[in-house]
Structure formats: structure tokens, C-alpha cells
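S.K.: Handing you a structure now.
The values are calculated or read from the model by the stated rules, or taken from the named source; none is laboratory data. Because the structure is a prediction, the values reported are computed rather than measured. FYI the Cβ positions are ideal-geometry reconstructions off the backbone, even for glycines, and counts take in every protein chain you see.
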Protein chains: 2
Amino acid sequence: MGRTPPHPEVSQFDLQQVLEALVDPVRRSIVTQLDDAAEDLACGTFDIPVSKSTATHHFKVLREAGLIRQYYVGTSRMNALRRADMDKAFPGLLDALTTPQAKGAR
Amino acid sequence: MGRTPPHPEVSQFDLQQVLEALVDPVRRSIVTQLDDAAEDLACGTFDIPVSKSTATHHFKVLREAGLIRQYYVGTSRMNALRRADMDKAFPGLLDALTTPQAKGAR
């Protein structure tokens, strides 16, 4: 599976990196859209106000921080929220950012 | 009380502003030191590796985001964590950043 990009292990998750990923509103929107969908989503299906190349960058930042897992299905790059992994590393953080209050503020 | 600086109401708390305050490691350290102390602390008592004027800036950012309340006792500027207020606005966020995991990562 040479096309699967690298992902950090839970033990490698870094709070500073996770927060730097989540402080960007577009990236936070990707996370909340994955949470809302409750299923994996292809890159092209997100409602985000940025170019495709900028979106690719945002997905990469989220992946490298451990927030999403990316994999291919045919030619589609799919995105999965790594909620269980993130909960192990930083319990409650993803929950706090996907409450109705936090989503209302996005 | 002309010397009490302005503070936002809970209804004015903004998630983007709160996350921008918390993404800075020095500011996050101020928050976790207040959480550890479980009491209000004077500005001069924090263990942070920055100059006094930089520290003053960091306290201001935290205050304007609603994370701390500042008040004077004599000539000391005291800092209180606004945990209850933050919990109302963004439930679980401060909890998630003050777990042993999050503190260990600071």
C-alpha cells in the first residue's frame, strides 16, 4: 500500500501540534463535518471555502497531527476521524470541540 | 474600580479566540499552573520563561478570551481561572487541557 500516507502512532501525538491543527477554522470545520457525518468522507465532499490545493494542505496537517486517517478507495482519498486514538492521547479534547456549543461557534 | 481591566461576558466568548489563546504554550502553562494551584495567583508568581512585559501580554490575551479574571489586591494583579464560565461556553474544553495527559504534554 505505497499510496497510504504516513500516520503518527498515538504515542507520537503532540498536544502542541494537535492544537495548532485545530486552531485553524477550516481544519476545525473538516473535523466537525467528519463528526457530523459519522462516516468516512472523500476529500472532495467537504464543504470548505478553499482551493483544492489548500484543502490538501489542511488534510495533511490534520493527518500529521493524528486527527484524521487517510486512505484510498480507488482514486478517492478518504478521511476518517481518529476519535478513539485522540481520546486515548488527550481525553475529552475532541468531545469538547464537537459539542453543540463549539459547533455553533465554528 | 477603575483599575479592574475589562472582561468579556460568557455570551461573548468566542471559540476561535479561546483556541488562539490556548495554542500558545506559555499561555497554556499559565492556565495549567492556575489549575494546579487551585487558587488565584499573582502575576509575579508564575513559572514562565518570558520577560515581564511579554507575560503581561499573555495575561491580557487570556483575559480577553475569557480564560482568566484579573483583579487587584493592593499592588498585586491577581489571576483567577474562569473555569465555570468557560465550562458554560465550551463544556469540557478546559477539562481536556488539564488532564494528566495534556499536562504531561505541556
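S.K.: Take the residues in segment A:67-88 that are in a strand (DSSP E or B) and among the small types (Gly, Ala, Ser), then tell me which one is modelled with the highest pLDDT.
M.R.: Top of the filtered list is A:ALA80.
S.K.: Something else now. Among the numbered criteria (1) surrounded by 13 or more Cβ atoms within 10 Å (Cβ to Cβ); (2) at pLDDT 95 or above; (3) not β-branched (Val, Ile, Thr), which single criterion is violated by A:SER11?
M.R.: The one condition A:SER11 does not meet is (1).
S.K.: A follow-up question, please. Tell me the residue from A:ALA89, A:ALA80, A:ALA38, A:ALA96 that is more than 12 Å from the chain's Cα centre (by Cα) and either surrounded by fewer than 17 Cβ atoms within 10 Å (Cβ to Cβ) or among the polar types (S, T, N, Q) (or both), please.
M.R.: A:ALA38
S.K.: Conditions: (1) within 24 Å of B:LYS88 (Cβ to Cβ); (2) touching a residue at least 12 places away in the same chain (Cβ under 8 Å). A:GLN101 meets all but one. Number of the miss?
M.R.: Condition not satisfied by A:GLN101: (2).
S.K.: Oh, and also: I'm trying to understand the selection: among the residues of segment A:2-35, which are more than 14 Å from chain B (Cβ to nearest Cβ), over 25 Å from B:LYS103 (Cβ atoms) and free of Cβ contacts under 8 Å to residues at least 60 places away in the same chain?
M.R.: Passing the criteria: A:GLY2, A:PRO6, A:ILE30, A:GLN33, A:LEU34.
S.K.: Can you find even one residue in segment B:58-66 that is within 14 Å of another protein chain (Cβ to nearest Cβ), within 20 Å of A:ALA96 (Cα to Cα), assigned to a helix (DSSP H, G or I) and modelled with pLDDT of 95 or more?
M.R.: Within segment B:58-66, one or more residues are within 14 Å of another protein chain (Cβ to nearest Cβ), within 20 Å of A:ALA96 (Cα to Cα), assigned to a helix (DSSP H, G or I) and modelled with pLDDT of 95 or more.
S.K.: Listed residues B:ALA89, B:ALA42, B:ALA38; which is in contact (Cβ under 8 Å) with a residue 60 or more places away in the chain and of a type outside the set (S, T, N, Q)?
M.R.: Unique residue meeting the criteria: B:ALA89.
S.K.: Take B:PRO91 and tell me if it is within 27 Å of A:ASP95 (Cα to Cα), modelled with pLDDT of 95 or more and more than 9 Å from chain A (Cβ to nearest Cβ).
M.R.: no
S.K.: So A:ALA96 clears everything in (1) part of a loop (DSSP other than H, G, I, E, B); (2) within 14 Å of chain B (Cβ to nearest Cβ); (3) among the aliphatic types (A, V, I, L, M) except one condition, right? Which one?
M.R.: If we test A:ALA96 against (1) part of a loop (DSSP other than H, G, I, E, B); (2) within 14 Å of chain B (Cβ to nearest Cβ); (3) among the aliphatic types (A, V, I, L, M), just (1) comes out false.
S.K.: Here's another thing I want to ask about it. For B:ALA65, are the conditions met, namely being within 15 Å of B:LEU94 (Cβ to Cβ) and surrounded by fewer than 17 Cβ atoms within 10 Å (Cβ to Cβ)?
M.R.: Considered against the rule, which asks whether it is within 15 Å of B:LEU94 (Cβ to Cβ) and surrounded by fewer than 17 Cβ atoms within 10 Å (Cβ to Cβ), B:ALA65 comes out as no.
S.K.: Before we move on, is B:GLN101 at pLDDT below 95 and part of a helix (DSSP H, G or I)?
M.R.: Criteria met by B:GLN101.
S.K.: For segment A:45-56, state whether one or more residues are away from chain B (no Cβ under 14 Å), under 18 Å from A:ASP24 (Cβ atoms), part of a helix (DSSP H, G or I) and not polar (S, T, N, Q).
M.R.: yes
S.K.: May I ask you to verify whether A:THR45 is surrounded by fewer than 15 Cβ atoms within 10 Å (Cβ to Cβ) and not basic (Lys, Arg)?
M.R.: Yes: the conditions hold for A:THR45.
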